[in-house]
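Visitor: One structure, as structure tokens, below. Some questions next.
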Amino acid sequence: REIAVRISLGARRRRILRQLIAENLLLAVGAASIGICLALQVPVAFQKMIPSMPHYPFTLDWHIAAYLIGTTLFASFIAGLAPAAECLRQDIWTTLKAGALSWRTGQSRWSIRDLLVITQVFCSIVLMSVSAMYIRAEFTILNADPGFETRQVLQVPVQFAADHFTAVESRRYYSELQQRFAAITTVEAVASSSASPLGIDPEQSGARMQFRLPAEAQAESRAANLRLVSANYFSTLGIPIVLGRAFAAASADANSAVVSQSFAAALWPNGDPIGKTVIGGDNQELRVVGVARDTRTEHV
């Protein structure tokens, strides 16, 4: 009715069309500006509100931002063009008469616009609910006990190219590196592991290997993560040994293994795993010397 009144007062349809599109583009520019500000400031705000929570570097990818800005402007142009063209095609006298009639009777009819508004509100409620559930799940994961010490712990990933360093050179470098770290006065203990205590994905959480008992066939093997660790790995990360002992020395326990509670319950549900033998995927026999408390090995 507003468009019909403007046209009846002498406004040109082309000027009204430009005005409607400009209003939508102005709203889109404002929304895009607010979105960019939120993308830049929300991680900073979270880091200030919860300093103890682990934070990852979030940087804005301007290529993706430019694509989203262009998509937003194009969508706003289409969203403004469609109703504007519909309003400009209407019969002015019929629209004004229908508006006066509906004003007198107080009755209104459902339109496509009402249906779109209801759909948008419904989708927004669903999106907000899913976002709240996701945030709650993230806080639950971050507050969960991983099973090892995470405070005052520094992880230093080191990798060697297989074609540049031999196994002897790599072991010598690791040994010298641990000695240098241990010589620092502010360092309490230094341990090494073939995989991160808390990997981001299964490939980083440890090498998967098939294990079985000596009396079992190859088809009965069970998959588990394998890590090569130093003798003081469990004491450095504060992982308690619930049964048996930890590694005494690398040379004395070369073919020994410390298994988790879940691994021991799967292979020896009703027996004592200490002193038992387990066979790995390469047919290497490992003697179980201890059982460590379960830890979280993946971000799930």
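Visitor: Quick one: how many residues across segment 154-184 are out of contact with any Phe, Trp or Tyr (no Cβ under 6 Å at 6 or more places or on another chain), assigned to a helix (DSSP H, G or I) and within 21 Å of Ser196 (Cα to Cα)?
Guide: Filtering segment 154-184 down to residues out of contact with any Phe, Trp or Tyr (no Cβ under 6 Å at 6 or more places or on another chain) leaves 154-169, 171-184.
From what is left, the residues that are assigned to a helix (DSSP H, G or I) are 167-169, 171-182.
Of the ones still in play, those that are also within 21 Å of Ser196 (Cα to Cα) are 167, 171-182.
The qualifying residues number 13.
Visitor: How many residues does segment 170-182 contain that are more than 17 Å from Ala231 (Cβ to Cβ) and either in contact (Cβ under 8 Å) with a residue 40 or more places away in the chain or open to solvent by 80 Å² or more (accessible area, probe 1.4 Å) (or both)? It would help to see each step written out before you state the result.
Guide: Restricting attention to segment 170-182, the residues satisfying the condition of being more than 17 Å from Ala231 (Cβ to Cβ) are 170, 172-173, 176, 180.
Filter again for either in contact (Cβ under 8 Å) with a residue 40 or more places away in the chain or open to solvent by 80 Å² or more (accessible area, probe 1.4 Å) (or both), leaving 172-173, 176, 180.
Of the residues in segment 170-182, 4 are more than 17 Å from Ala231 (Cβ to Cβ) and either in contact (Cβ under 8 Å) with a residue 40 or more places away in the chain or open to solvent by 80 Å² or more (accessible area, probe 1.4 Å) (or both).
Visitor: Identify all residues within segment 254-300 that are within 15 Å of Arg227 (Cα to Cα), polar (S, T, N, Q) and open to solvent by 60 Å² or more (accessible area, probe 1.4 Å); write none if there are none.
Guide: Asn255, Gln284
Visitor: Another one. As an exercise: evaluate Pro83 against (1) at pLDDT below 80; (2) of a type outside the set (Lys, Arg); (3) open to solvent by 100 Å² or more (accessible area, probe 1.4 Å) and give the number of the one condition it does not meet.
Guide: For Pro83, the exception is condition (3).
Visitor: Assess whether Val5 counts as being more than 34 Å from the chain's Cα centre (by Cα) and open to solvent by 60 Å² or more (accessible area, probe 1.4 Å).
Guide: Values: more than 34 Å from the chain's Cα centre (by Cα): yes; open to solvent by 60 Å² or more (accessible area, probe 1.4 Å): yes.
Criteria met by Val5.
Visitor: Please go through segment 211-237 and pick out each residue that is under 17 Å from Ala195 (Cβ atoms), assigned to a strand (DSSP E or B), open to solvent by 30 Å² or more (accessible area, probe 1.4 Å) and in contact (Cβ under 8 Å) with a residue 24 or more places away in the chain.
Guide: The answer is Asn225, Leu226, Val229.
Visitor: Report yes if Arg293 is more than 35 Å from the chain's Cα centre (by Cα) and basic (Lys, Arg), otherwise no. Outline the logic, then answer.
Guide: On the way: more than 35 Å from the chain's Cα centre (by Cα): no; basic (Lys, Arg): yes.
The answer is no for Arg293.
Visitor: Would you confirm, using the coordinates I've provided, whether Asp91 is at pLDDT 75 or above and among the charged types (D, E, K, R)?
Guide: Judged against the criteria, Asp91 is not a match.
Visitor: Determine if segment 102-110 includes at least one residue that is at pLDDT below 80, touching a helix residue (DSSP H, G or I) at 6+ places or on another chain (Cβ under 7 Å) and among the small types (Gly, Ala, Ser).
Guide: Let us first name the residues in segment 102-110 that are at pLDDT below 80, namely 102-110.
Now restrict to residues that are touching a helix residue (DSSP H, G or I) at 6+ places or on another chain (Cβ under 7 Å): 108.
Checking the rest, the ones that are also among the small types (Gly, Ala, Ser) come to 108.
Yes, segment 102-110 contains a residue that is at pLDDT below 80, touching a helix residue (DSSP H, G or I) at 6+ places or on another chain (Cβ under 7 Å) and among the small types (Gly, Ala, Ser).
Visitor: Then there is this: Hey, among Ala183, Ala161, which residue is modelled with pLDDT under 75 and of a type in the set (Gly, Ala, Ser)? Spell out the reasoning first.
Guide: On the way: Ala183 fails: modelled with pLDDT under 75.
Selected residue: Ala161, the only one of Ala183, Ala161 that is modelled with pLDDT under 75 and of a type in the set (Gly, Ala, Ser).
Visitor: Of the conditions (1) farther than 17 Å from Glu149 by Cβ; (2) over 32 Å from the mean Cα position of the chain (by Cα); (3) open to solvent by less than 40 Å² (accessible area, probe 1.4 Å), Ala246 fails just one. Which one is it?
Guide: (1)
The values are calculated or read from the model by the stated rules, or taken from the named source; none is laboratory data. Predicted, not measured: the structure shown is a model, and the values here were computed from it. Every residue, glycine among them, receives a Cβ derived from its backbone with ideal geometry; neighbour counts consider all protein chains shown. What goes into the accessible areas is simple: the full protein's heavy atoms, side chains included, and nothing from ligands, DNA or RNA. Shrake-Rupley method; radii C 1.70, N 1.55, O 1.52, S 1.80 Å.
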